[in-house]
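The values are calculated or read from the model by the stated rules, or taken from the named source; none is laboratory data. It should be emphasised that the depicted structure is a prediction, and the values quoted were computed from it without experimental measurement. Neighbour counts are summed over all protein chains in view; Cβ atoms, including those assigned to glycine, are modelled from backbone coordinates with ideal geometry. Surface accessibility is based on the protein's heavy atoms, side chains included, excluding ligands, DNA and RNA. Shrake-Rupley method; radii C 1.70, N 1.55, O 1.52, S 1.80 Å.
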Amino acid sequence: MQNTLHTEHYELQLAEKVNRLKGIMAPYAAPEPEIFSSPKSHYRMRAEFRLWHEGDDLFHIMFDKETKERIHIEQFPVASQLINQIMTELLPLIKQSELLRHKLFQVDYLSTLSNKLIVSLLYHKKLGDEWTCEAKKLKAALVAKGFDVQVIGRASKTKIMLDNDYVDEVLPVNGREMIYRQVENSFTQPNAQVNIKMLEWAIAATKGATGDLLELYCGNGNFSLALAQNFNRVLATEIAKPSVSAAQYNIEANNIKNVQIIRMSAEDFTQAMNGAREFRRLEGINLADYQCNTIFVDPPRSGLDDKTVQLVQEYDNILYISCNPETLSDNLSVLNKTHKIEKLALFDQFPYTHHMESGVLLTRR
C-alpha cells in the first residue's frame with residue numbers, strides 16, 4: 001500500500017503545536033515564538049523498516065501501533081525522495097540472492113541533501129565473507145542505477161562495511177556550505193531542512209555575543225561549527241566516540257580553527273568545572289583560560305539533570321534547544337529564577353506527530 005500524508009492538515013497541526021508551546025511557556029513570560037515550518041512531505045532523512053518474508057516475496061512493513069496490523073509500505077512520503085527511490089530498487093535486487101535475503105529482518109536508510117545514502121541490512125544470523133561478496137554485488141547494482149550508497153551489514157556483535165560507515169552531508173547555512181560527516185547508527189538531526197533553520201536561528205540569536213562558548217551534548221558538531229563564527233572560541237563536549245570522531249573531521253573539513261571537542265559526558269564535565277574531580281581527558285586544556293559568557297545545550301529528551309542546571313545557571317547567556325517542551329519547562333522552573341527568556345522558537349522537526357523541537361535564549365536578570 002501507499003503510505004499517505006494528509007498534507008492538507010499540516011497548517012492546522014502546526015498551529016496546535018504553537019498554541020501548546022505558548023501554554024507551556026506562559027509561566028515564564030516568554031515572547032511570541034518564531035515559527036519554523038517543515039516541508040509538508042519528504043522531510044525525514046532517516047527511515048527504518050522491518051522486512052516481511054512471504055514465500056519468494058519480500059516487503060517493507062510497518063506495524064499499526066493500535067491494531068498491530070502489518071502494513072506493506074511501497075512508498076513512504078515521510079522519508080526523503082532519495083529513500084523512496086532506493087526503496088523501490090533495493091528489495092528486487094535482494095530477492096535475487098538467497099544469501100542476502102535469508103534471515104534479513106530490517107533495513108535502515110540514512111540519506112542526505114548531498115544525495116548520498118547508507119543502507120544498513122540487519123540480520124538474525126552470522127555474517128561472513130560469503131555475505132560480503134554478495135553485498136558487493138548488491139552495491140555495484142545500486143551504483144549502476146545511479147545511487148551514491150554505502151552498504152553495511154549488521155548482526156549480533158557484528159558490523160561489516162564494504163567501504164565506509166559514514167556519508168558527508170552538505171548543508172547550506174546562511175549561504176555557506178557546511179560539511180557534516182554522519183556516521184551510521186549515530187545520532188543526526190532527522191529533518192535536514194528544519195535543521196538548517198535551527199542553525200540559522202541559533203546564529204542570529206547569538207550574533208554580537210562576546211567571549212567564548214561552552215557547548216554540552218555537541219554530537220557531530222552540528223551547532224558547534226555553525227556558531228563558531230560568533231565567538232572567540234568554542235569548547236564542546238560529547239560522550240559518543242563516533243560522534244566525537246565525526247566532529248573532529250568536520251572541524252577540519254570546514255576549516256574552522258576555534259573549536260575544541262572533548263570526549264566527556266555533561267555530568268563529568270560539570271564535575272570538572274566545579275573542581276570536584278580531575279580528568280585525564282582534560283590534560284593540556286586549562287578550563288580557566290576560557291571566558292565562556294554563553295552556554296549552549298541540546299540535551300536528550302529527559303532534559304538537563306539537576307547538577308547541570310546549576311552549572312548552566314552560572315552563565316550570563318543560555319541557548320537551549322529542546323526536543324521535549326515538558327522537560328524544558330521543568331528546567332526553566334529553576335533557570336527562570338536567575339534568567340529571563342529573550343527569544344523563543346518552535347522548529348517543526350516532526351510533522352504530523354505531537355513531538356516538537358523548541359529553542360530559547362535566556363539572559364541573566
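Assess whether Glu215 counts as being open to solvent by 20 Å² or more (accessible area, probe 1.4 Å), closer than 22 Å to Leu304 by Cα and not in a loop (DSSP other than H, G, I, E, B).
No; evaluated as a whole, the condition is false for this residue.
Among the residues of region 226-247, is any in contact with a helix residue (DSSP H, G or I) (Cβ under 6 Å, 6 or more places away or on another chain), in a helix (DSSP H, G or I) and free of Cβ contacts under 8 Å to residues at least 60 places away in the same chain?
There is at least one residue in region 226-247 that is in contact with a helix residue (DSSP H, G or I) (Cβ under 6 Å, 6 or more places away or on another chain), in a helix (DSSP H, G or I) and free of Cβ contacts under 8 Å to residues at least 60 places away in the same chain.
So, in region 253-281, of the ones that are of a type in the set (D, E, K, R) and more than 17 Å from Leu304 (Cα to Cα), which residue ends up least open to solvent (accessible area, probe 1.4 Å)? Steps first, answer last, please.
Filtering region 253-281 down to residues of a type in the set (D, E, K, R) leaves 257, 263, 267-268, 277-278, 280-281.
Applying the additional criterion that residues be more than 17 Å from Leu304 (Cα to Cα) yields 257, 263, 277-278, 280-281.
Working: Lys257: 173, Arg263: 79, Arg277: 119, Glu278: 177, Arg280: 202, Arg281: 126 Å².
Among those residues, the one meeting the criterion is Arg263.
Name every residue in region 1-36 that is part of a helix (DSSP H, G or I) and either polar (S, T, N, Q) or touching a Phe, Trp or Tyr at 6+ places or on another chain (Cβ under 9 Å) (or both), in order of residue number.
Of the residues in region 1-36, the ones part of a helix (DSSP H, G or I) are 7-28.
Hits for region 1-36 are Thr7, His9, Tyr10, Gln13, Asn19.
Assess whether Tyr123 counts as being touching a strand residue (DSSP E or B) at 6+ places or on another chain (Cβ under 6 Å) and crowded, with 21+ Cβ neighbours inside 10 Å.
When the stated conditions are applied, Tyr123 does not pass them.
Go over the candidates Asn84, Asn3 one by one and state the one that is farther than 30 Å from Val360 by Cα, at pLDDT below 95 and either open to solvent by less than 60 Å² (accessible area, probe 1.4 Å) or touching a His at 6+ places or on another chain (Cβ under 6 Å) (or both).
Step by step, each of Asn84, Asn3 is checked, and only Asn3 is farther than 30 Å from Val360 by Cα, at pLDDT below 95 and either open to solvent by less than 60 Å² (accessible area, probe 1.4 Å) or touching a His at 6+ places or on another chain (Cβ under 6 Å) (or both).
Which condition does Met62 not pass, out of (1) open to solvent by 10 Å² or more (accessible area, probe 1.4 Å); (2) without any contact (Cβ under 8 Å) to a residue 60 or more places away in the chain; (3) over 17 Å from Pro190 (Cβ atoms), if it passes all the others?
Result: Met62 passes all but (3).
Here is a yes/no grid of residues against (1) open to solvent by 20 Å² or more (accessible area, probe 1.4 Å); (2) among the charged types (D, E, K, R); (3) in contact with a Leu (Cβ under 6 Å, 6 or more places away or on another chain); (4) more than 20 Å from Phe187 (Cα to Cα):
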| site | (1), (2), (3), (4) |
| --- | --- |
| Asn293 | yes, no, no, yes |
| Phe296 | no, no, yes, no |
| Pro299 | no, no, no, no |
| Val312 | no, no, no, yes |
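If you check Val18 against the conditions, is it touching a residue at least 60 places away in the same chain (Cβ under 8 Å), among the β-branched types (Val, Ile, Thr) and under 17 Å from Asn191 (Cα atoms)?
Judged against the criteria, Val18 is not a match.
Check Ser333, Ser322 and return the single one that is polar (S, T, N, Q), open to solvent by 20 Å² or more (accessible area, probe 1.4 Å) and either within 23 Å of Leu21 (Cβ to Cβ) or modelled with pLDDT of 95 or more (or both).
Going through Ser333, Ser322 in turn, the sole match is Ser333.
Taking the conditions exactly as written (out of contact with any helix residue (DSSP H, G or I) (no Cβ under 7 Å at 6 or more places or on another chain), in a helix (DSSP H, G or I), without any contact (Cβ under 8 Å) to a residue 60 or more places away in the chain and over 24 Å from Gly359 (Cα atoms)), does Gln271 satisfy them or not? Reasoning before the result, please.
Details: out of contact with any helix residue (DSSP H, G or I) (no Cβ under 7 Å at 6 or more places or on another chain): yes; in a helix (DSSP H, G or I): yes; without any contact (Cβ under 8 Å) to a residue 60 or more places away in the chain: yes; over 24 Å from Gly359 (Cα atoms): yes.
Considered against the rule, which asks whether it is out of contact with any helix residue (DSSP H, G or I) (no Cβ under 7 Å at 6 or more places or on another chain), in a helix (DSSP H, G or I), without any contact (Cβ under 8 Å) to a residue 60 or more places away in the chain and over 24 Å from Gly359 (Cα atoms), Gln271 comes out as yes.
Being farther than 30 Å from Gln150 by Cβ and not β-branched (Val, Ile, Thr) is the filter here, so list the residues in region 183-215 that pass it.
Taking region 183-215 first, the residues farther than 30 Å from Gln150 by Cβ are 201, 203-214.
Passing the criteria: Trp201, Ala204, Ala205, Lys207, Gly208, Ala209, Gly211, Asp212, Leu213, Leu214.
In region 121-146, how many residues are among the aromatic types (Phe, Trp, Tyr) and in a loop (DSSP other than H, G, I, E, B)?
Our first condition is that a residue be among the aromatic types (Phe, Trp, Tyr); within region 121-146, this holds for 123, 131.
Next, only the ones that are in a loop (DSSP other than H, G, I, E, B) stay: none.
Summing the residues that are among the aromatic types (Phe, Trp, Tyr) and in a loop (DSSP other than H, G, I, E, B) in region 121-146 gives 0.
Report whether or not Arg101 is among the charged types (D, E, K, R), buried (at least 17 other Cβ atoms within 10 Å of the Cβ) and under 14 Å from Trp52 (Cα atoms).
Answer is yes for this residue.
Applying the selection to region 52-88, what residues are over 25 Å from Gln150 (Cβ atoms) and in a strand (DSSP E or B)?
Residues satisfying the conditions are Glu54, Asp57, Phe63, Arg70, Ile71, His72.
Taking region 336-361 only, how many residues are touching a helix residue (DSSP H, G or I) at 6+ places or on another chain (Cβ under 9 Å), within 20 Å of Gln310 (Cβ to Cβ) and open to solvent by 40 Å² or more (accessible area, probe 1.4 Å)?
Final tally of qualifying residues: 1.
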